[in-house]
Amino acid sequence: TMTVVILSIGGSKKQIIKLLTDVVAKDVRKVVLPYELSTDDVIILRVKDVLETALQFLRTVGVEAVPIAVSGSFHEILIQIASSIGKVDDEIRIYIVDGSAVIGLVLYHIAEIVNTIGKVSMFTVNADGTAVQIPLSVPKVSKSDAYISILKNLREQKTLTELARALGKTKSTVVKQLEALEGLVECRRTGIEKECVLTSEGRAFLSLLEGD
């Protein structure tokens with residue numbers, strides 16, 4: 001499987017070269033380079049300089065480069081970048097470099113969309129050009145009564161003993177079910193026993209599921 005790399009243009013030339021050196025491997029067939037049009041002459045010159053550096057590097061290694069100047073609203077930029085990517089037959093890797101905030105948000109949303117139809121990974125890029133992967137989804141949780149009951153009972157913090165009593169289950173059963181709710185429930189040891197409560201993601205999940 002070939003890989004399409006989507007790289008937002010921002011940061012410094014050194015940062016871009018370091019990143020491209022690390023990510024452009026033999027399996028990369030195309031690099032999409034979105035950048036935002038600006039009315040600021042200084043920003044325009046800096047972006048053009050970084051873009052030309054990236055294009056020259058990609059020409060040297062023989063990888064197709066697709067620079068795309070984007071403008072307009074969030075939704076307009078979404079369509080512009082999605083059109084430049086084309087049909088998702090390959091793995092997609094997306095790297096957000098210092099630059100336009102709206103491009104970063106659009107790229108994250110594109111990653112969320114691709115995540116439903118293909119293979120995608122997303123990274124933020126540090127000042128030294130190294131990349132750090134970021135999550136694209138929350139845990140997939142069963143909407144069974146057992147799991148929803150745990151979430152409802154943990155709107156307020158409870159010890160494992162209190163939670164097991166409220167659910168009418170053994171502590172060992174509750175502990176096993178809590179493992180499936182990782183990311184939505186946080187458990188910490190305070191004293192002799194762990195206490196559990198919903199995380200912000202857990203509260204959001206329950207609110208969106210139950211409407212309260």
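Quick rundown of the values:
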{"quantity": "Filter result for V125 (under 22 Å from the mean Cα position of the chain (by Cα) and at pLDDT below 95)", "calculated": "yes"}
{"quantity": "Some residue of the stretch 60-70 being part of a helix (DSSP H, G or I), among the hydrophobic types (A, V, I, L, M, F, W, C), more than 24 Å from Q133 (Cα to Cα) and at pLDDT 90 or above", "calculated": "yes"}
{"quantity": "Residue among I17, I81 that alone is closer than 22 Å to A131 by Cβ and in contact with a strand residue (DSSP E or B) (Cβ under 8 Å, 6 or more places away or on another chain)", "calculated": "I81"}
{"quantity": "Helices (runs of 4 or more DSSP H) fully within the stretch 71-177 counting 3 or more residues that are closer than 30 Å to I192 by Cα and either in contact with a Phe, Trp or Tyr (Cβ under 8 Å, 6 or more places away or on another chain) or open to solvent by 70 Å² or more (accessible area, probe 1.4 Å) (or both)", "calculated": "145-153"}
{"quantity": "Filter pass, A25 being over 18 Å from V4 (Cα atoms), at pLDDT below 90 and loosely packed, with under 12 Cβ neighbours inside 10 Å", "calculated": "no"}
{"quantity": "Scan of the stretch 6-51 for residues that are part of a loop (DSSP other than H, G, I, E, B), among the β-branched types (V, I, T) and either touching a His at 6+ places or on another chain (Cβ under 8 Å) or more than 14 Å from Y95 (Cα to Cα) (or both), ordered by number", "calculated": "T39"}
{"quantity": "Selection count where residues are within 13 Å of I148 (Cβ to Cβ) and either open to solvent by 40 Å² or more (accessible area, probe 1.4 Å) or not in a strand (DSSP E or B) (or both), scope the stretch 178-205", "calculated": "5"}
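Residue-wise test of (1) among the basic types (K, R); (2) at negative phi; (3) in contact (Cβ under 8 Å) with a residue 60 or more places away in the chain.
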position	(1), (2), (3)
L107	no, yes, yes
V125	no, yes, yes
V141	no, yes, yes
A146	no, yes, no
I150	no, yes, no
R155	yes, yes, no
S172	no, yes, no
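The values are calculated or read from the model by the stated rules, or taken from the named source; none is laboratory data. Only a predicted model underlies this, so the values are computations on that prediction, with no experimental measurement involved. All Cβ positions, even for glycine, are placed from backbone atoms using ideal geometry, and neighbour counts span all protein chains on display. Calculation scope for accessible area: heavy atoms of the full protein, side chains included, ligands and nucleic acids excluded. Shrake-Rupley method; radii C 1.70, N 1.55, O 1.52, S 1.80 Å.
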